[in-house]
Amino acid sequence: MTVITHPVSSSLKYRLRLPGPTAVPDRVQRAIAQPIVNHRGPEFRAMFSRAQELLKPVLGTSNHVFLLASSGTGAMEASLANILAPGEPVFAVVHGQFGERFASIAKVFGAQVDVLDVAWGEAVDPREIEKRVKAKEYRAVVVVYNESSTGVTANVQAIGAILRQTPTLLVVDSVSGLGGLEMKQDEWGVDIVVSSSQKCLMCPPGIGLVSVSPKAWKIVEREDRLPRYYWDFRKTLASSEKSETAFTAPVSLFAGLTEALEMIHEEGIPNVLARHKKLSTALRAGCAAIGLAPSGPKDSLSPTVVALHVPEKLNGGDIVKRLYEKHRTVIAGVRNKFAGRFIRIGTMGHVHEDDILTDLEHLEDVLPELGWPVTPGAGVAAAAAVMRSS
Ligand code: PLP
């Protein structure tokens, strides 16, 4: 067997600090390692029902939560395939890379897509959406709740209030938010929530999640939608009612997801959300103290993804590379028009205070080597102060 070791020292711990996929806790890894069970048998059905029971409060819904063998993009595509017919108008709110992706999927399916282009990294103004949906009736508004490319959230509650009394559906990507950023699907009037397993839900990639409101379900049921087979939510619901999936489930991942959800409930959903908020605030404070300015408007900062401006004389890619090479700390740059200008660190899922302090120690170590002097300990101290104060 070939083991990939660190080029400098194999004794270093690999630290997955991306905005997804995220580190999987030991408990979840052990659940995943259990023997596979029959995906149509009683053990699987029990696990499926338990996952449903535990997921609903995380989403704030009484809907069935569809669990698909896919990544987040698959769940985005499945959602649109079930509500659109070619030529139908869709309004896409684009405030980052994943909003662009949602708009592209709608275009590929032949929808007539109008876009609200929001400067990346800035807040989405719900009043702009209100103006546009008053002027034209859309089948759906699609919006990314937690834009992982910029670390900025959209006010989904306000958008839900605008659309609730209209025929337009609100389709929300919370791939990198669910389990770390509050979601009250039913109360806020969100028609479809899309997420996936590998972010705040502390699992490996491989499960896409979708929750469909009764209002959206009326559209899903129509025969005049796009052709669907694997993604057909009518099949998914029929199976879900029997505590099964329509097609062979990734059984081991289901075991992992169920265990991760048990952990979330043991900690308590409000505590989990508060932890994400506190740790992201602490990391931003620590980074600001060493000259990495946090990106994003104060009232829309993501609790799960911290995006940081890279000082002009540095390149984000070099920071990412050096952190990995020297410390095996894996953070992200950006893979878009701002490549090199931002770095991003996940504060999602199984993350605790020591992770944030270690991130800062490692940044404090590598930045001076790259030509950006810092006051040793300044970042760690600023983050620790936030942790103590809240
Ligand atoms: N939407 C958001 C906000 C994301 O962060 C991601 C992945 O990072 C996706 C969608 C796509 O998910 P996946 O890579 O699982 O297909």
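Read-outs throughout are calculated quantities, based only on the coordinates presented, and are distinct from any laboratory measurement. Model, not experiment: these values are computed from the prediction. Ideal geometry is used to build each Cβ from the backbone, glycine not excepted, and the neighbour counts take in all protein chains shown.
Do you know which of the residues in segment 177-189 that are within 29 Å of Leu16 (Cβ to Cβ) and more than 8 Å from the ligand (Cβ to nearest atom) is surrounded by the fewest Cβ atoms within 10 Å (Cβ to Cβ)? Break it down into steps so the answer makes sense when it comes.
Pass one, segment 177-189, residues within 29 Å of Leu16 (Cβ to Cβ): 177-183, 185.
Now drop any that are not more than 8 Å from the ligand (Cβ to nearest atom), which leaves 178-183, 185.
Numbers: Leu178: 30, Gly179: 27, Gly180: 31, Leu181: 22, Glu182: 20, Met183: 27, Gln185: 27.
In this case the residue turns out to be Glu182.
Which residue, of Leu314, Leu367, is free of Cβ contacts under 8 Å to residues at least 60 places away in the same chain, crowded, with 16+ Cβ neighbours inside 10 Å and not β-branched (Val, Ile, Thr)? Before you say what the answer is, go through the steps one by one.
Details: Leu367 fails: free of Cβ contacts under 8 Å to residues at least 60 places away in the same chain.
Just a single option satisfies the conditions, and that option is Leu314.
Please note which strands (runs of 3 or more DSSP E) are completely contained in segment 103-176 and include at least 1 residues that are within 16 Å of the ligand (Cβ to nearest atom). Step through it out loud before you land on a result.
Numbers: elements: 112-117, 140-144, 169-173.
The strands (runs of 3 or more DSSP E) meeting that bar are 140-144, 169-173.
For the condition within 26 Å of Glu147 (Cα to Cα) and in contact with a strand residue (DSSP E or B) (Cβ under 6 Å, 6 or more places away or on another chain), what is the one hit in Leu283, Leu261, Leu273, Leu301? Before you say what the answer is, go through the steps one by one.
Numbers: Leu261 fails: in contact with a strand residue (DSSP E or B) (Cβ under 6 Å, 6 or more places away or on another chain); Leu273 fails: in contact with a strand residue (DSSP E or B) (Cβ under 6 Å, 6 or more places away or on another chain); Leu301 fails: in contact with a strand residue (DSSP E or B) (Cβ under 6 Å, 6 or more places away or on another chain).
Going through Leu283, Leu261, Leu273, Leu301 in turn, the sole match is Leu283.
Would a scan of segment 240-260 turn up a residue that is closer than 28 Å to Leu169 by Cβ, more than 16 Å from the ligand (Cβ to nearest atom), of a type in the set (Lys, Arg) and out of contact with any helix residue (DSSP H, G or I) (no Cβ under 9 Å at 6 or more places or on another chain)?
No: segment 240-260 contains no residue that is closer than 28 Å to Leu169 by Cβ, more than 16 Å from the ligand (Cβ to nearest atom), of a type in the set (Lys, Arg) and out of contact with any helix residue (DSSP H, G or I) (no Cβ under 9 Å at 6 or more places or on another chain).
Could you tell me whether Ile192 is farther than 27 Å from Lys131 by Cα, within 16 Å of the ligand (Cβ to nearest atom) and of a type in the set (Val, Ile, Thr)?
Numbers: farther than 27 Å from Lys131 by Cα: no; within 16 Å of the ligand (Cβ to nearest atom): yes; of a type in the set (Val, Ile, Thr): yes.
So Ile192 fails the test.
Looking at Leu226 and the list (1) more than 16 Å from the ligand (Cβ to nearest atom); (2) surrounded by 23 or more Cβ atoms within 10 Å (Cβ to Cβ), which single condition is not satisfied?
(2)
Taking the options Leu292, Leu323, Leu308, Leu279, name whichever one is assigned to a loop (DSSP other than H, G, I, E, B) and either more than 25 Å from Lys13 (Cα to Cα) or of a type outside the set (S, T, N, Q) (or both).
Values: Leu323 fails: assigned to a loop (DSSP other than H, G, I, E, B); Leu308 fails: assigned to a loop (DSSP other than H, G, I, E, B); Leu279 fails: assigned to a loop (DSSP other than H, G, I, E, B).
One residue alone meets the criteria, Leu292.
Do you know which residues across segment 86-102 are more than 22 Å from Pro19 (Cα to Cα) and either buried (at least 16 other Cβ atoms within 10 Å of the Cβ) or within 16 Å of the ligand (Cβ to nearest atom) (or both)?
Filtering segment 86-102 down to residues more than 22 Å from Pro19 (Cα to Cα) leaves 86-92.
The answer is Glu88, Pro89, Val90, Phe91, Ala92.
Return only the number of the condition from (1) assigned to a helix (DSSP H, G or I); (2) within 30 Å of Gly268 (Cα to Cα) that Ala81 does not satisfy.
(2)
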